[in-house]
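A short reminder: the numbers here are calculations on the coordinates, not readings from a lab. Keep in mind the model is a prediction, meaning the values are calculated, not measured. Cβ atoms come from the backbone with ideal geometry, glycine included; neighbour counts cover every protein chain shown.
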Amino acid sequence: MIRFRLLDGLRALLAAAVLTALIAGVPLMLYALAGSPVPAHLPSLGEIGHALTHRDDGTLFLTVVKVVSWAAWASFVASTLVELASRIRGRATPHLPGLGATQWLSAQLISSVALAAGSPAAFVMAAVPPAAVVAAAPAALADTTTASPDAGHDPPRFAGADVPSGVGQPTMTGAHTASDQAHARVLRLTHAAYQVRRGDCLWTIAERHLGNGDRYTEIAQLNRGRVMTDGARFTRPDVIRPGWVLRMPAAATDLDRPQPPLPDRHLGHPSDASEFSRPHDGAPSSPQPPATQDFPKAGEQPAAVRDAAPLARTPQTGEARASAPEPTAILLTDGGEAEDNGPSAPVAAFAGGVAVGSLLTLARLRHAQRQTRRRGRRIALPADPDTLRTEQELRRLAAPDARTCARQALATLGGVLTAAGRDLPHVLGARVCVDAVELLLAQPAGTPPAPFTQGRTKATWRIDLDSAPNADSARDVLPALLTTGYLDDGHALLVNLERLQTATATGPDELVDRFLTTAATELATGDGPWFDVLAVGFPELQAAGDRIRPCTDLAEALGLLADRARDLRGRLATTDGPTGVSGRRLHDPDGDWTLTVLISRTTPSPDQMARLVDTVTALPGGLAALVPVDAAGAPARFALSQDDQGPRLDVTPLGLTVRPHLISAESYQRLGELFTVAGDISDVAADAPLYNAYADESQLPLAGGASRSYVAGAADSQQEDGESGGKPALPEVAQPEPQRDEVQNAVQVSILGPLEITGTVADLQPKMAELVLALALAGPTGLRNVQLAAMMGPDPDTPKPSDQLRQLITRTRGKLGKASDGQARILCDSTYVYRTHAITLDWTRFQELADRGAKRNSTIDLWDALALVRGPVLDGCYHWWLETPVIENIRAEIVDAADLLAELELDAGRPDRSARAARQGLTSDPYAEQLWRALMRAEYEAGNMSRVHEAWKACLKAIAEVSADGDPHPETAALYGRLTSARRPT
């Protein structure tokens, strides 16, 4: 690192010297040798004609040389001025016709000088950081296609060994023999990877890292059809964008070596490809992410998803269990072919800021719903299918989010500063990439404490997240980080609202309103250190939790803010410590140094704005505000505008421009409805409209002829193609013997835990397993060809092409093998409806046993039913078409069966078996307080008071994973109080 910095410094000094010589030295030399560029007098037409028609004595030649030299110098100076102006304004440099060479030279020199500059703005102006080597195919490798490496290209590199089933991947086993149920071999794909920088083109990337620019075709082949970090799809080798992470052939070298900046315009390369041999643009200065990440509009494909979808870099909860993004996983079949296991998730500003926070909020609210759910009942869910589709879209967009990465870095910073006795520097914001966070400081703050290192400027501190220690979240001292969008290099920019104090949002009314609703949603739902939100004009978020306090108008909000200011002023005056509130928060984490943020959709009057600025700026932190007004006296401003690439956001005083990800008004309303319904703790009947669609053998409402709008619209055109993570620690539980199929050669699909498909003749690839799962859940009614095409696509808007679907079905049939009657296990009738044959589903068997046990109070049947439960439903398995009511229905039935069995065993005088039944149910839902109460009763009756206390502590731990400040249900707390205060009768 030191060597690279020295080289950068020397390169910058050399570039500055050359730039000075060209701008100042060249004109001095020309003037001394050739004289002034302005002639003493203008030649007449006769003099010009004479010079052109008579033999030149050298005068004309020297005059032409002089004019051309002065013109070349002037064009270079003009190119330099345009380049400087564009970079200072944070915009793409316009192309000047005929000045490509001089623009390229000036861009190279200015970029080299900027590398040694010393401010956050200059840092962003400089070249994009060196290409990141993604050692284990990180989350930025977002795939939505399945592809095998071409034989003519370098094969992908593989690393790792067999991965235990149930950890983020479905377990698929093949039945080659009765004694040889070998699990599919799961290997981690570790393609070399390269992150595109400004000015790159595919030819230059191949030239640098493969030794031959014309080998760009190998890179294009590896990435064709892949969805990149900004949501765009790679389709043309001559169109790439900064921030994209490209898969590279195994022969690629020097991917981790810093590279010099590249010009925006290339003069052409010695290539046979016309798109690279002629002058062309490199990767543009803007990554061009999608302008919005709106949810589907009414009438589009319906979908909702299960509650327990895995997230990344977030505390593990019942519904939104965290798991770091796994590398792209593949399954190697016996034939050696490889297929991707679906998309990984990129760092996405909108997805991280709103989707992850909204899912965590839903997890907390739904836990409260389940706390009060009665046996045989269900929790309330939105009746509007569009609202359920919004939840499905949230889960699909949820990704490793920039805010969580920045919080991890700041918590680490708080810990090391406290240990070193240092004060917190003034942090303006954070620049977040996949594996690192760079803190942007208001001014240089000395040597950064380890594990932080100096960034490329003296006002930036950098930390690699992989090397960051587990930090104490109590030291996360900057709670109000707001995700603004993407910088030019594709990395997310977060700003510290507390440091900005009073920020205003200006621009077109529609963009300003969307920006404010997006910011309010992120602040209201974000997980992390506590802060209060005074919200004016956001009634939809009222149900999101206690963090947000709705205000009727701005006057009420200003009064509450003034009260908080007086309280903080008194605390600062009567206690010792650093001057600023953030510093007090760092060194006194248990004190009441809560940040209060006022956010309003109502434009303040001039008097209200003056009062707001005076209130917030009078204190050294602890207060912040974001309002829609164009006020010159505000300390910070978010200026929104629209161009041909979508919305853009200029952030003052950072002087940076980002592409914001704004939630639409329609999506915001649906989010509010989700929160409102999830906040309703009254339960509904098991046959309520949302649940009765799953009362029969089909677990998919799409099955059969009752198709929805998008099915009906596509059926006629495609019918002819028909046939062509961590959980709370539980007390030990004796594992029951798994059920055995009566027919030895039957294929079993098990969803009451990690997905398992057993009894196949060959290993199933992930997409094959998804196909079998969909058909098994559909039951006897089956799925039409067009329904399968829609479900097998990567998202609701991208159905799988019919020819690929046919190939998938044919290959899956071969892997499943024939049934005992000689028929295929996937059948298709004359109406192009697909059904499974000789494939059993553990959930169907569970229902039969649990229903019979409940009707007869038969502990034998209930025990047999619970023996099928291996963990949370479809643990670690997520597909966009899985509907929330399906998972809720299965979850509720398992909890009810375990609760009933524990009650029956306790009534029969068998408390040990009652405790075992409760524990078995908790393996499926470790957050079910009904079962924790049953466990405490059973241990109390068995005389095991120590285990009563253990069960209580484990229950509290489970609740804390869902909500850090959550409380147990009053009935649970009352039961524990009675059991621990009363003496058990002997």
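Mean projection of the alpha-carbon convex hull of segment 546-594 over all orientations, in nm²? The orientation-averaged projected area of the Cα hull of segment 546-594 comes to 4.0 nm².
Here the ratio of the Cα radius of gyration of segment 837-877 to 2.2 N^0.38 Å is 1.28.
Can you give the FRET efficiency to the nearest 0.05 for LYS458 and ALA610, using r as the Cβ-Cβ distance and R₀ = 30 Å?
0.25
Volume per residue of the convex hull around the Cα atoms, evaluated for segment 402-661, comes out as 123 Å³. If you take the Cα centroid of segment 203-256 and the Cα centroid of segment 628-674, the two points sit 32 Å apart. Estimated translational diffusion coefficient (Stokes-Einstein, Kirkwood radius over Cα pairs, 4 °C, 1.567 mPa s) of segment 883-981: 95 µm² per second.
Starting from 0.36 nm per residue, how many nanometres of slack lie between ARG852 and CYS828 once their C-alpha separation is accounted for?
So the extension gain works out to 5.4 nm.
Full extension of the chain between THR253 and ARG549 yields a length gain of 101.1 nm, computed as 0.36 nm times the residue separation minus the alpha carbon distance. Once divided by 2.2 N^0.38 Å, the Cα radius of gyration of segment 189-247 becomes 1.01.
Counted residue by residue at 0.36 nm each, then reduced by the alpha carbon distance between them, the extension gain from ASP466 to ALA71 reaches 136.9 nm. Per-peptide packing, taken as the mean over residues of other Cβ atoms within 10 Å, places 585-593, 44-52, 499-507 in the sequence 499-507, 585-593, 44-52 from highest down. Highest mean packing first, where packing is the average number of other Cβ atoms within 10 Å per residue, the peptides 426-433, 862-869 line up as 426-433, 862-869.
In segment 420-521, the inverse of the mean reciprocal separation of distinct Cα atoms equals 15.2 Å; this is its Kirkwood hydrodynamic radius.
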